[in-house]
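Worksheet for the structure shown next.
Coordinate-derived values only; no laboratory data. Remember, it's a predicted structure, so these values are computed and weren't measured experimentally. In this analysis, Cβ positions are derived from the backbone assuming ideal geometry, glycine residues included, and neighbour counts consider all displayed protein chains.
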Amino acid sequence: MLTEIYCLRCGQAYPSVGLPYCCPACGGIFDDTGTWNFSPVDADLPGIWPDLRAFGWPADWPSISLGEGNTPLVWAECCGHQVAFKCEFLNPSGSFKDRGSTALVSALAGRGISMAVEDSSGNAGASFAAYAARAGIKARVYAPASASGPKRAQIEAYGADLVLVPGPRSAAAHAVSLAAKQGATYASHAWLPFNLPGYATLAVELTRQLQQPPGAVVLPVGQGGLLLGLVRGFQSLRRAGVVASLPKVIAVQARACAPLWSLFTTGRLAADEAPTLAEGVRVTRPVRAEAVIAAVQETGGRFVLVDEADILLGRDELARRGLYVEPTSALVWSALEQTLTELPEPVVAVLTGSGLKTLPLV
Ligand SMILES: [Zn+2]
């Protein structure tokens, strides 16, 4: 792992210095093409770091941690079934992104980067800003002007520069790519593969907490990094003989912006983008779309869509069970209603972001 990062288009190895977000030779995506062998380590490390090292993360890189991971798994009823809700919104910056950021920012620190830019609809930017602050790295975050107020305030409170970009989410991605062309280090959570092992630790944690692998995992999908890391984590556990099979993955998108659902269902990536309360999954052109589709197919899972009107209903159902999440995370409720009868137990639903990150909606 991480010694086997290559461009998926031309095969060039990841450079040994600097941190290019895409292949300098052809503009392709870098990915870790090596085998992740899960091998538990006996080390006194913070947060997810024991599991991250177990996936082969280099021991000589710094560990920039805020104590992420080890989030509660809370059982609650949905449609007469018991579902295990994984409270990723209780991570240090209030979202699952911290598992990825601890790894990504450690890679930046390991390569001596002192300033970096990132683009985000909010959660990734806030998480990146938190870990950059921890590492003493100057961060600049490009976010859509429509991003939730609390997320914007959180990014700035960590000391990052916030650049608000008018227009859709894709406009912020375009703005940051221009900054990268002018020489800024673009610490992209979408393009760089460094955060994927961080997400893989979720597979280990779920298996440990349930004392068995999940039968199914339901989660919202924007870029699909969490999904990809999670499936790779379970694949590693299967190779290590820890689990016998992969849990069925149900990937959830909002009907207003559902390119991966479209690619999975029709074979064509529809990059339509309409406003949605589920701002965290408003991604029109997911960078690793093909890999995400292949991962869902390998698990025997599928994509489901959630109508805009059902998002707040889901948020309220979860809140009435004591789980206060943001609208993006609430997508899983409708998805559970649509799929529970077809899912093998135990069923896990990942609650990705805190309800405190959105202004009162009603
Ligand atoms: Zn290339």
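Each of the peptides 308-315, 235-242, 183-190 was scored by the mean count of other Cβ atoms within 10 Å over its residues; in descending order, highest first, they stand as 183-190, 308-315, 235-242. Put in order of Cβ neighbour count within 10 Å, fewest first, the listed residues Y142, Y324 become Y324, Y142. Charging the Cβ of each Asp and Glu at -1 and of each Lys and Arg at +1, and nothing else, the dipole of the chain about its Cα centre rounds to 520 debye. Here's the picture: charge each Lys and Arg Cβ at +1 and each Asp and Glu Cβ at -1 in the chain, and of Y324, C87, S121 the one pushed furthest to the positive end of that dipole is S121. Once you reduce segment 315-362 and segment 182-247 to the center of their Cα atoms, the two points are 19 Å from each other. In a simple Cβ point-charge model (Lys, Arg +1; Asp, Glu -1; nothing else charged), segment 97-181 has a dipole of about 120 debye relative to its Cα centre.
Estimated from helices alone, the mean residue ellipticity of the chain at 222 nm is -11000 deg cm²/dmol (sum of -39500 (n - 2.57) over DSSP H runs with n ≥ 4, per residue).
The modelled label-to-label distance between C26 and Q82, using points 7 Å beyond Cα along the C-beta direction, is 5.1 nm.
Over the chain, what is the mean sequence separation of C-alpha contacts under 8 Å (at least six apart), divided by residue count, expressed as relative contact order in percent? Once divided by the residue count of the chain, the mean separation gives 17 percent.
Taking L45, L277, L226 as the candidate residues, the one with maximal mean-square fluctuation in a Gaussian network model of the chain, Cα springs under 10 Å, is L45. Annotation: for a label point projected 7 angstrom from Cα along Cα→Cβ of R285, residues of segment 181-212 with backbone N closer than 14 Å are 191.
Packing around the peptides 119-126, 250-257, 298-305, 144-151, taken as the average count of other Cβ atoms within 10 Å per residue, puts them in this order, highest first: 119-126, 250-257, 144-151, 298-305.
The orientation-averaged shadow of the Cα convex hull for segment 97-181, equal to a quarter of the hull surface, comes to 4.9 nm². Note on R320 and W75: the model spin-label points, each 7 Å out from Cα along the C-beta direction, lie 2.2 nm apart.
Placing a label point 7 Å from the Cα of E4 along the Cα-to-Cβ direction, the residues of segment 161-194 whose backbone N falls under 18 Å of that point are 193-194.
Test of understanding: extend the Cα→C-beta vector of L210 to 7 Å, then name every residue of segment 81-114 with backbone N under 18 Å from that spot. Residues passing the 18 Å test: 81-89. Normalised by the number of residues in segment 97-181, the average gap of Cα pairs under 8 Å and 6 or more apart makes the relative contact order 29 percent. Spin-label model, A244/L164: points 7 Å from Cα along the beta carbon direction are separated by 5.5 nm. Three semi-axes describe the equivalent ellipsoid of segment 1-120; taken as square roots of 5 times the Cα gyration tensor eigenvalues and ordered largest first, they are 30, 18, 16 Å.
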